[in-house]
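Visitor: Dropping the structure in here first, questions after.
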Amino acid sequence: MRNGQSPLELQLNGYRLTTAEIIYHLPDHPGILQSFIWQHYDIAPKYPELHKFLDFWVGNIEGRLHTVNVGRKKLIGPARCGYAQVEYRLH
């Protein structure tokens, strides 16, 4: 975790669970794409942690990046309730 903070502390500071699907070219077979999933707490929309990881990737890993798809989830928030359209009764 960032600076020893718990996941709850990170979320209270604006971080959200971020998932990135990184699609890259295999070094030995550049015509073949491979997928890698990265997940970490990060701040949208600048995603500094993801950029740090991608900078590391470009500098240290041979697989050339093709595409990065990003999704995030707000973990702290009000409960979501929905109403059922059907009611069943048992005797």
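The values are calculated or read from the model by the stated rules, or taken from the named source; none is laboratory data. If you're wondering where the values come from, they're calculated on a predicted model, not measured in any experiment. Reconstructed Cβ throughout: ideal geometry from the backbone, glycine too, with neighbour counts over all protein chains shown.
Visitor: Please go through the stretch 1-47 and give me each residue that is small (Gly, Ala, Ser), part of a loop (DSSP other than H, G, I, E, B) and farther than 15 Å from residue 69 by Cβ, ordered by number.
Guide: First, the residues of the stretch 1-47 that are small (Gly, Ala, Ser): 4, 6, 14, 20, 31, 35, 44.
From what's left, part of a loop (DSSP other than H, G, I, E, B): 6, 14, 31, 44.
Scanning the stretch 1-47 gives 6, 14, 31.
Visitor: Right, something else. Take the stretch 52-87 and flag every residue that is modelled with pLDDT of 90 or more, of a type outside the set (A, V, I, L, M) and not in a strand (DSSP E or B).
Guide: The answer is 52, 53, 55, 56, 57, 59, 60, 62, 63, 64.
Visitor: Tally time: how many residues in the stretch 1-51 are aliphatic (A, V, I, L, M), modelled with pLDDT under 90 and either surrounded by fewer than 16 Cβ atoms within 10 Å (Cβ to Cβ) or out of contact with any His (no Cβ under 9 Å at 6 or more places or on another chain) (or both)?
Guide: 5
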